[in-house]
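The values are calculated or read from the model by the stated rules, or taken from the named source; none is laboratory data. All figures in this text were calculated on a predicted structure; none of them were measured in a lab. As a convention, Cβ positions derive from the backbone with ideal geometry for all residues, glycine included, and neighbour counts pool all protein chains shown. The protein model used for the area step is the full one, side chains on, heavy atoms only, and it has no ligands, DNA or RNA in it. Shrake-Rupley method; radii C 1.70, N 1.55, O 1.52, S 1.80 Å.
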Amino acid sequence: MRESWRWFGPNDPVSLAEIRQTGATDIVSALHDIPIGEAWPREEIAAHKVVVEEHNETMAPLNWTVVESIPVHEDIKLAAPGHQKYIDNWIATLENLATEGIKTICYNFMPVIDWTRTDLKYQLPNGAYALRFDQDRFAAFDLFILQRDTAQDDYSQDEMARAERVFEAMSEEQRAELTRTIIAGLPGRMTDAYSLEDFREALARYKNIDHSGLRQNLFAFLAKVLPYAESASVKLAIHPDDPPWDMFGLPRIICTPADLEILFHELPSPANGITLCVGTYGSRPDNDLPQMARDYAERINFAHLRGVTRDPQEQRSFYEASHLDSDIDMVRVIRHLLDNEQELNREIFIRPDHGHLMMGDIERTTNPGYSAIGRMKGLAEIRGVIKAISELART
Ligand code: DNO
């Protein structure tokens, strides 16, 4: 296993010096300042690498080995006129990264929104804070703040009544905050940030695109990209839609093993792989994560290890629990990933995905989900499991 850590670049409040102290060896990063759709110049990639590797001669080395993510322009997802130039730019970025030795590339194909939560500071019984997705708060936004035209079709009477109660109980400031959390986007998002009006327009562009239409656009994109990935020995790793179900009437197509079956049946290229985001897939009770870790051995190029605990009454609501104590059997997931590495003679990049906001970080400005101490706790726990399983396998 290669222990990696997401770093948002020089503006990330968590510095490379701190990351080095966690024991992680690999940096997951992107050129966040380049507008979505433009190619990343080779010199800028090289310069970013130089920053990451600055102290490698004298200290424990850090290397930029994984990209998360190259954004996919909305016009590609829509197959809008003129989108070919964005595909060309995506391929140029891939090739420039490969030339600089960066060969694992995470991306996603979520229309309009990237990962979505409704609460960034959900307090846990121990006083630390977690990220949370609350279905009623989400519905309150969709029905009563966004007032999406066809929103009512997506909720039962009971769900609408619950959402209305939640909406009524919120102050104006709380409504504004919920809006920002959902549409202004979370750290690392690969889509634009929107105002409410822009957001409505962005959704409207997808009016005539259903699951199969969006899938066709993903396949057409990959059919162009994969030959270049293969010849540059690049491994792609599509990130699942988070949370893994349709939202705002938008089709979401990377949510379940059934979705992955369609993807690999259509495009069997060995470069066509996944990010096993354990927390995302695990947000659905019907996704069996240890089984997926086993079944997709050859396809898992990157793994985000975190857990979620779903609400017993409303299975679409969840909070991000500690890495080992959640609804997901993380120990078995890790065991399968270790077995895959042995059997296939390869290493998998893993990272602690998100962490609780805790201790000194509570007073510090950090990116939601990407504070230092909580992620380090997650990494340390995961490292313990890896170590224990690996040692026991040898004796
Ligand atoms: C959230 C992340 C996502 C992810 C992108 C992948 O923490 O998992 O922002 O990086 O969706 O393209």
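Scanning segment 230-247 for residues that are under 23 Å from TYR281 (Cβ atoms) and not in a loop (DSSP other than H, G, I, E, B) yields a total of 5.
Candidates are the residues of segment 75-94 that are of a type in the set (A, V, I, L, M) and outside any loop (DSSP other than H, G, I, E, B); the one that is surrounded by the most Cβ atoms within 10 Å (Cβ to Cβ) is LEU94.
For segment 141-153, the condition of being under 23 Å from the mean Cα position of the chain (by Cα) and open to solvent by less than 20 Å² (accessible area, probe 1.4 Å) holds for at least one residue. Looking across segment 31-74, the residues that are of a type in the set (A, V, I, L, M), under 29 Å from PHE221 (Cβ atoms) and in a loop (DSSP other than H, G, I, E, B) come down to LEU31, ILE34, ILE36, ALA39, ILE70, VAL72.
Annotation: of all residues in segment 327-357 being open to solvent by 30 Å² or more (accessible area, probe 1.4 Å) and part of a loop (DSSP other than H, G, I, E, B), the one that is nearest to the ligand (Cβ to nearest atom) is ASP327. When TYR206, TYR129, TYR194 are screened for being at pLDDT below 95, in contact with a Lys or Arg (Cβ under 9 Å, 6 or more places away or on another chain) and at negative phi, only TYR194 passes.
Scanning segment 95-112 for residues that are assigned to a loop (DSSP other than H, G, I, E, B) and either within 10 Å of the ligand (Cβ to nearest atom) or among the acidic types (Asp, Glu) (or both) gives GLU100, ASN108, PHE109, MET110. The residue that is most open to solvent (accessible area, probe 1.4 Å), counting only those in segment 230-248 that are farther than 28 Å from PHE138 by Cβ and either under 21 Å from the mean Cα position of the chain (by Cα) or within 16 Å of the ligand (Cβ to nearest atom) (or both), is LYS235.
Tallying residues that are in a helix (DSSP H, G or I) and not β-branched (Val, Ile, Thr) within segment 248-262 yields 5.
Remark: pairs (first residue in segment 239-251, farther than 22 Å from ARG200 by Cβ; second residue away from the ligand (no atom under 15 Å from the Cβ); Cβ separation under 6 Å; 6+ apart in sequence or on different chains) = PRO244/ARG284. Could you please let me know if GLN174 is surrounded by fewer than 18 Cβ atoms within 10 Å (Cβ to Cβ), out of contact with any Asp or Glu (no Cβ under 8 Å at 6 or more places or on another chain) and at positive phi? When the stated conditions are applied, GLN174 does not pass them.
The residues in segment 358-382 that are in a helix (DSSP H, G or I) and buried (at least 18 other Cβ atoms within 10 Å of the Cβ) can be counted, and the count is 10. Just wondering, is there one or more residues in segment 271-283 that are of a type outside the set (A, V, I, L, M), at pLDDT 95 or above, within 16 Å of the ligand (Cβ to nearest atom) and farther than 24 Å from GLY185 by Cβ? Yes, segment 271-283 contains a residue that is of a type outside the set (A, V, I, L, M), at pLDDT 95 or above, within 16 Å of the ligand (Cβ to nearest atom) and farther than 24 Å from GLY185 by Cβ. Annotation: of all residues in segment 25-74 being of a type in the set (S, T, N, Q) and in contact with a Leu (Cβ under 9 Å, 6 or more places away or on another chain), the one that is surrounded by the fewest Cβ atoms within 10 Å (Cβ to Cβ) is ASN56. Suppose we filter TYR129, TYR206 for residues that are under 26 Å from the mean Cα position of the chain (by Cα), over 30 Å from GLY101 (Cβ atoms) and within 16 Å of the ligand (Cβ to nearest atom); which single one remains? Among TYR129, TYR206, only TYR129 is under 26 Å from the mean Cα position of the chain (by Cα), over 30 Å from GLY101 (Cβ atoms) and within 16 Å of the ligand (Cβ to nearest atom). Of the residues GLN291, GLN313, the single one that is open to solvent by 10 Å² or more (accessible area, probe 1.4 Å), closer than 21 Å to GLU347 by Cα and of a type outside the set (A, V, I, L, M, F, W, C) is GLN291. Taking first residues from segment 163-174 that are touching a residue at least 40 places away in the same chain (Cβ under 8 Å) and partners that are β-branched (Val, Ile, Thr) and surrounded by 10 or more Cβ atoms within 10 Å (Cβ to Cβ), no Cβ contact under 7 Å between residues at least 6 apart in sequence or on separate chains turns up. Taking (1) of a type outside the set (D, E, K, R); (2) within 16 Å of the ligand (Cβ to nearest atom); (3) in contact with a Gly (Cβ under 9 Å, 6 or more places away or on another chain) in turn, VAL28 satisfies each apart from (3). Just one of the listed residues (ASP158, ASP192, ASP198) is open to solvent by 20 Å² or more (accessible area, probe 1.4 Å) and within 16 Å of the ligand (Cβ to nearest atom), namely ASP192.
Before we move on, is GLU164 away from the ligand (no atom under 16 Å from the Cβ), charged (D, E, K, R) and closer than 30 Å to PHE8 by Cα? No; evaluated as a whole, the condition is false for this residue.
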